[in-house]
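Structure, as structure tokens:
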């Protein structure tokens, strides 16, 4: 893998693009080697290889690798280090496992505008006129492909530890991050099974399901790969936690008000699934009697039409829930900016992290 | 963890018991620490902790840790080394992930005589009168708990590498083992979706889904933890591969003829699922017209009665399929014995491995 020297230059959009390209190359290279492992077992594994390549190499904002990379730079790591980019890229594999398994759990048909992995293998089952349940085969394949991504995340991380790494601390945090995100997903599944919506519980889910594993842990992992101490890790979490929360709050807003061509998911899916988000918890708290009736009738209705989505959007706006969530995002972003200016970072790193923070919470996906 | 000095003594049943006890203690200790991680997120994760403790600490033959341990001893590793027992015990976590996810894939209700993990969480959903689909919640929880076992396998292995370990080679093989078993499970799912049964394809499934990850890789991993060279690894695979194959062939026989109180699974489940095993492939190959008609009618019938199971058993016996599989097991066990006597092992290790080989392929589970 060649490393672009452009990374040494000042922070700008071109540089983020370069980083995304390098993360993509690292993943491509790693997947080529895994494809050799799989295809040496049998050519019949070609659809597995193709599905994972498509999933990992087409699209994705590479947010977690970016936070890991800038966490490394913030701790004095060298620009464009090949190893750290490989280690950072490995986080996309954990993310892929999460998304592939989440799509089974949520029975989501699409992901990034393409069929979800379990749908892709159900289609393969149909196409090849296989025996038994196509959905069952799709689910089986997607469970196993998610598992592969999980173990490959570990493999890719291990194979790319830079010599500066505090290996024991980094791997401890790496595994804690896995446990946290899986616990967060369980809490989320449990939350969706409760009759009531609670703001504080929804915030706990956000912290573990998203904030830790999207921002806090990737940044801290990057720092540990550069041999950082606990003090820097603590200063990272002061801006990383509110940023991770703001990221998920933005995602919740986009799940209701976003443009499906940008999010890659059908608009209103969160409403159809009746996701217990902070946005909906606020709307319900503040709804008048008739509004609450409409919420009860429409939220969680799988066959919800575009008109139904519009009614719910109006209620979310009229109750002030949208304005409040935007205010919560703004408040967190103020904390982020304050903590970023106080953090012991070079101007280049501070600017890059500020840019990332803004990009990951902006109003369009 | 204290290490029993009895391990230094000669190979006998008491010693296998000691090893199993030590593996259990290592798992218990590791799970206690993971429980702290989970419960610090929230007490609502208690059912997750309880389910994983029950799954990992009650029962299980600890075969994979035993092969890993004796692979270590065969390469000159010290008896009763605490680290290697921890690393060996970690293999139970990969196995747990495989079983938990496999039970979702096969829609199996029980495991080791207890409700499968997805059923356990569906029951929790019922008991607590939660909202939505109990089965959906059970599946979600079981996917996530399996994922936890997968990442914890890696964590426990990492945390217990003995100083003698060839870390790079051991982790490479460790990850290859993960890829192999997942590929094997995919091949198995695909195999069950085909109209035809093929002996050679069934043997490929056996190799990757079982033989590699139950015997070959655990033994070789143990050797690499003691710093062994490639020559010893090759000598291991000469007896490990036929032994792993014999183990799965025995499992296939027990799946049809075994005692459900010993296997922990309802008798005849393989027949109800219509599993494409070597045993069934042979029966089908050799069946007369009427026998084939019965096989077509009964194999894969979810509501198959005890009488139906008896009819199929008779056909499997009458076609000579059972006798042939027993002969294949015997032939492999001859290879195992020959390769074991040629392998550069001390008498103690040779005897322990011989005992393990016999125990893992004996006629009652």
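Below is a table of values for the structure above.
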read-out: Hey, residue B:262 at pLDDT 90 or above and on the phi < 0 side of the Ramachandran plot or not; value: no
read-out: Residues located in region A:188-199, provided they are more than 7 Å from every other protein chain (Cβ to nearest Cβ) and without any contact (Cβ under 8 Å) to a residue 40 or more places away in the chain; value: A:188, A:196
read-out: Those helices (runs of 4 or more DSSP H) lying entirely in region A:257-316 with at least 2 residues surrounded by fewer than 17 Cβ atoms within 10 Å (Cβ to Cβ); value: A:260-263, A:278-286, A:289-298
read-out: Every residue from region B:26-70 that is outside any helix (DSSP H, G or I) and out of contact with any strand residue (DSSP E or B) (no Cβ under 9 Å at 6 or more places or on another chain); value: B:42, B:60, B:61, B:62
read-out: Residues satisfying the stated conditions in region B:71-112, i.e. at pLDDT below 95, under 25 Å from residue B:343 (Cβ atoms) and assigned to a helix (DSSP H, G or I); value: B:83
read-out: Single unsatisfied condition, residue A:228 versus (1) buried (at least 21 other Cβ atoms within 10 Å of the Cβ); (2) in contact with a helix residue (DSSP H, G or I) (Cβ under 7 Å, 6 or more places away or on another chain); (3) closer than 25 Å to residue B:36 by Cβ; (4) more than 11 Å from chain B (Cβ to nearest Cβ); value: (2)
read-out: Criterion violated by residue B:151 - all others in (1) within 16 Å of residue B:49 (Cα to Cα); (2) touching a residue at least 12 places away in the same chain (Cβ under 8 Å); (3) crowded, with 21+ Cβ neighbours inside 10 Å satisfied; value: (2)
read-out: Residue that is nearest to residue B:143 (Cα to Cα), among those in region A:96-116 that are in contact with a strand residue (DSSP E or B) (Cβ under 8 Å, 6 or more places away or on another chain) and away from chain B (no Cβ under 12 Å); value: A:99
read-out: Residue B:252 being closer than 16 Å to residue B:281 by Cα and either crowded, with 24+ Cβ neighbours inside 10 Å or away from chain A (no Cβ under 14 Å) (or both); value: yes
read-out: Test: residue in region B:35-45 that is surrounded by fewer than 24 Cβ atoms within 10 Å (Cβ to Cβ), modelled with pLDDT of 95 or more, under 17 Å from residue B:151 (Cα atoms) and out of contact with any helix residue (DSSP H, G or I) (no Cβ under 6 Å at 6 or more places or on another chain); value: yes
read-out: Which listed residue, of B:169, B:202, B:211, is under 18 Å from residue B:275 (Cβ atoms), more than 16 Å from the chain's Cα centre (by Cα) and within 14 Å of chain A (Cβ to nearest Cβ); value: B:202
read-out: Subset of region A:334-349 [in a helix (DSSP H, G or I) and either in contact (Cβ under 8 Å) with a residue 24 or more places away in the chain or in contact with a helix residue (DSSP H, G or I) (Cβ under 9 Å, 6 or more places away or on another chain) (or both)]; value: A:334, A:335, A:336, A:337, A:338, A:339, A:340, A:341, A:342, A:348, A:349
read-out: Among (1) assigned to a loop (DSSP other than H, G, I, E, B); (2) under 24 Å from residue A:134 (Cβ atoms); (3) touching a residue at least 12 places away in the same chain (Cβ under 8 Å) - the single one residue B:139 does not satisfy; value: (1)
read-out: Every pair of residues 6+ apart whose Cβ atoms lie under 6 Å, when the first sits in region B:296-321 and is in contact (Cβ under 8 Å) with a residue 40 or more places away in the chain while the second is outside any helix (DSSP H, G or I) and surrounded by 19 or more Cβ atoms within 10 Å (Cβ to Cβ); value: B:309/B:268
read-out: Residues of region B:20-31 classified as out of contact with any helix residue (DSSP H, G or I) (no Cβ under 7 Å at 6 or more places or on another chain) and under 18 Å from residue A:182 (Cβ atoms), total; value: 0
read-out: Selected residue (criterion: farthest from residue A:276 (Cα to Cα)) from residues of region A:117-132 that are surrounded by fewer than 18 Cβ atoms within 10 Å (Cβ to Cβ) and more than 9 Å from chain B (Cβ to nearest Cβ); value: A:127
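The values are calculated or read from the model by the stated rules, or taken from the named source; none is laboratory data. Every value quoted in this text rests on a predicted model; they were computed, and no experiment measured them. All Cβ positions, even for glycine, are placed from backbone atoms using ideal geometry, and neighbour counts span all protein chains on display.
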